[in-house]
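Engineer: Okay, here's the structure, questions in a sec.
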């Protein structure tokens, strides 16, 4: 089964419903779905998640994949909606084929930085607050990680930070081998649960979505 499905309709084939699994990513016009970024020739993906609000994502590439990164300062708002979007080359070319965008932009998509990857991952934490900047967001979440669902892990924060050292995206081949690890984040004396990590054998990885993990 394809991860991403596209139902193109309309008299001129310019209306589309896009889903990732069962999640609605976009319902609306294909015109403006992909646009040149503020700093050309960067490329931006504009999704509405089935609502009236447009969420702008920056396209980056890493490990042979194309990933949609939350755009600053938008993601600093506690009401920001985001679902990790990761395309293989083939999946991304399929999206481009239905989008009204010049192919030249695909050739100039920049490489994702470690900060981009952390931004993507932190935005999977659903109980976010509003932040002044990315630095405050990072410290507010990671510095307040107090424990995880595994009893034998003493310093979860150190585990998380080490994952970013030479990490890469890995596709999940067999979900039976993966143990989801719940991380506990202290928020003003209230504890929030976040399925932020997975354990494969003796190694920890960031849990990105149902198809990809990140680590080494």
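Engineer: What strands (runs of 3 or more DSSP E) lie completely within region 1-49 and have 3 or more residues being modelled with pLDDT of 90 or more? Lay out the reasoning, then the answer.
Structural biologist: Details: elements: 4-9, 15-20, 23-29, 34-36, 43-47.
The qualifying strands (runs of 3 or more DSSP E) are 4-9, 15-20, 23-29, 43-47.
Engineer: Now a separate question. Would you tally the residues in region 80-110 being part of a loop (DSSP other than H, G, I, E, B), more than 14 Å from the chain's Cα centre (by Cα) and surrounded by 16 or more Cβ atoms within 10 Å (Cβ to Cβ)?
Structural biologist: Matching residues across region 80-110 total 4.
Engineer: Any residue at all in region 145-160 that's within 18 Å of residue 117 (Cβ to Cβ) and in a strand (DSSP E or B)?
Structural biologist: yes
Engineer: Then there is this: Test residue 165 against the criterion of being in a loop (DSSP other than H, G, I, E, B) and over 24 Å from residue 80 (Cβ atoms), and give yes or no. Walk me through how you get there before you give the answer.
Structural biologist: On the way: in a loop (DSSP other than H, G, I, E, B): yes; over 24 Å from residue 80 (Cβ atoms): yes.
Considered against the rule, which asks whether it is in a loop (DSSP other than H, G, I, E, B) and over 24 Å from residue 80 (Cβ atoms), residue 165 comes out as yes.
Engineer: Quick one: residue 56 ticks every box in (1) in contact (Cβ under 8 Å) with a residue 60 or more places away in the chain; (2) touching a helix residue (DSSP H, G or I) at 6+ places or on another chain (Cβ under 8 Å) except a single one, so which number is it?
Structural biologist: The one condition residue 56 does not meet is (1).
Engineer: I would also like to ask the following. Got a sec? Which of 126, 154 is exposed (fewer than 15 other Cβ atoms within 10 Å of the Cβ) and under 19 Å from the mean Cα position of the chain (by Cα)?
Structural biologist: It is 126.
Engineer: Is one or more of the residues making up region 50-58 touching a strand residue (DSSP E or B) at 6+ places or on another chain (Cβ under 6 Å) and at positive phi?
Structural biologist: Checked against the condition, which is being touching a strand residue (DSSP E or B) at 6+ places or on another chain (Cβ under 6 Å) and at positive phi, region 50-58 yields at least one hit.
Engineer: Can you report the number of residues in region 88-116 which are touching a strand residue (DSSP E or B) at 6+ places or on another chain (Cβ under 9 Å) and either more than 22 Å from residue 21 (Cβ to Cβ) or modelled with pLDDT of 95 or more (or both)?
Structural biologist: Here the count works out to 12.
Engineer: Only one of 197, 206 is touching a residue at least 40 places away in the same chain (Cβ under 8 Å), touching a helix residue (DSSP H, G or I) at 6+ places or on another chain (Cβ under 7 Å) and surrounded by 13 or more Cβ atoms within 10 Å (Cβ to Cβ); which?
Structural biologist: 206
Engineer: Take region 64-79 and flag every residue that is within 19 Å of residue 35 (Cβ to Cβ) and surrounded by fewer than 17 Cβ atoms within 10 Å (Cβ to Cβ). Show your work before the answer.
Structural biologist: Step one: list which residues in region 64-79 are within 19 Å of residue 35 (Cβ to Cβ), which gives 66-75.
72, 73, 74 - these are the residues of region 64-79 that are within 19 Å of residue 35 (Cβ to Cβ) and surrounded by fewer than 17 Cβ atoms within 10 Å (Cβ to Cβ).
The values are calculated or read from the model by the stated rules, or taken from the named source; none is laboratory data. Quick caveat: nothing in here was measured; it's all calculated off a predicted structure. Please note: Cβ atoms are built from the backbone with ideal geometry, for glycine as well, and neighbour counts cover all protein chains shown.
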